[in-house]
Amino acid sequence: DAKTTQPNSMESNEEEPVHLPCNHSTISGTDYIHWYRQLPSQGPEYVIHGLTSNVNNRMASLAIAEDRKSSTLILHRATLRDAAVYYCIPPPFRGAQKLVFGQGTRLTINP
Amino acid sequence: KAGVTQTPRYLIKTRGQQVTLSCSPISGHRSVSWYQQTPGQGLQFLFEYFSETQRNKGNFPGRFSGRQFSNSRSEMNVSTLELGDSALYLCASSLDYGGPYNEQFFGPGTRLTVL
């Protein structure tokens with residue numbers, strides 16, 4: 001399985017942008033990168049996924065490096081509700097559904 | 001559309017007992033996965049099912065087992081409980097299986113405490 005590396009924790013202020021980095025140097029050229037997050041006392045929830053180009057949805061943006069060895073999850077205006085553990089997840093091996101969760105990045109949002 | 005439901009939400013057992021946890025996927029979803037979450041090990045994959053067949057299994061002892069029914073509902077069983085089995089057990093469902101990407105939807109989990 002491919003591996004990812006994320007900072008253990010990050011801190012930001014409310015209504016400011018947050019950039020969460022992830023290194024995934026071992027993924028192949030056809031693999032998607034997924035991001036999930038886990039709010040306190042809840043199960044993980046999907047945030048976004050991408051392959052090559054930058055991706056946007058109502059929750060966040062995903063900027064993928066040209067060499068695909070890293071990506072950055074961008075929360076444009078963080079709210080207190082965005083305080084969570086964010087997981088950058090490598091692609092499962094072909095045909096499988098399992099998600100391999102690392103330690104993730106614990107994001108703290110200051111009011 | 002209702003989300004993934006798991007029952008029971010909380011459970012207290014003693015060492016040596018066995019336990020069965022239940023998961024109902026989102027209507028129309030055919031793939032179910034199970035994960036264990038502990039403070040020390042984080043989120044770890046247990047197994048995944050599609051079309052009533054176990055497709056993949058994580059690195060857990062044989063005391064952990066599961067199954068999927070024809071309506072896609074799934075159960076997992078842990079026999080001869082140990083203190084270290086205390087954890088949050090999460091179920092996730094997805095629409096299909098085997099594609100390059102299938103978003104997974106997680107339930108709220110079952111909190112198991114082994115005394």
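The values are calculated or read from the model by the stated rules, or taken from the named source; none is laboratory data. Computed from a predicted structure; not experimentally measured. Cβ sites come from the backbone with ideal geometry, for glycine too, and all protein chains shown count toward neighbours.
Tabulated data
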{"read-out": "Close pairs (8 angstrom Cβ cut-off, 6 or more residues apart or separate chains): at positive phi in the stretch B:23-47, surrounded by fewer than 24 Cβ atoms within 10 Å (Cβ to Cβ) anywhere", "value": "B:Gly28/B:Leu95; B:Gly42/A:Phe101; B:Gly42/A:Gly102; B:Gly42/A:Gln103"}
{"read-out": "Count - residues of the stretch B:75-110 that are in contact (Cβ under 8 Å) with a residue 12 or more places away in the chain, facing chain A (nearest Cβ under 10 Å) and among the charged types (D, E, K, R)", "value": "1"}
{"read-out": "In the stretch A:7-40, the residues that are within 14 Å of chain B (Cβ to nearest Cβ) and surrounded by 12 or more Cβ atoms within 10 Å (Cβ to Cβ)", "value": "A:Ile27, A:Asp31, A:Tyr32, A:Ile33, A:His34, A:Trp35, A:Tyr36, A:Arg37, A:Gln38, A:Leu39"}
{"read-out": "Matching entry among A:His34, A:His19 (being modelled with pLDDT under 90, assigned to a strand (DSSP E or B) and under 11 Å from the mean Cα position of the chain (by Cα))", "value": "A:His34"}
{"read-out": "Residues that are under 24 Å from B:Leu115 (Cβ atoms) and within 11 Å of another protein chain (Cβ to nearest Cβ), drawn from the stretch B:41-72", "value": "B:Gln41, B:Gly42, B:Leu43, B:Gln44, B:Leu46"}
{"read-out": "Residue among B:Thr110, B:Thr80 that alone is at pLDDT 95 or above, farther than 18 Å from A:Gln38 by Cα and hydroxyl-bearing (Ser, Thr, Tyr)", "value": "B:Thr80"}
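Conditions (1) hydrophobic (A, V, I, L, M, F, W, C); (2) in contact with a Leu (Cβ under 8 Å, 6 or more places away or on another chain); (3) part of a loop (DSSP other than H, G, I, E, B); (4) within 14 Å of chain B (Cβ to nearest Cβ), marked per residue:
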| position | (1), (2), (3), (4) |
| --- | --- |
| A:Gln42 | no, no, yes, yes |
| A:His49 | no, yes, no, yes |
| A:Arg68 | no, no, yes, no |
| A:Cys88 | yes, yes, no, yes |
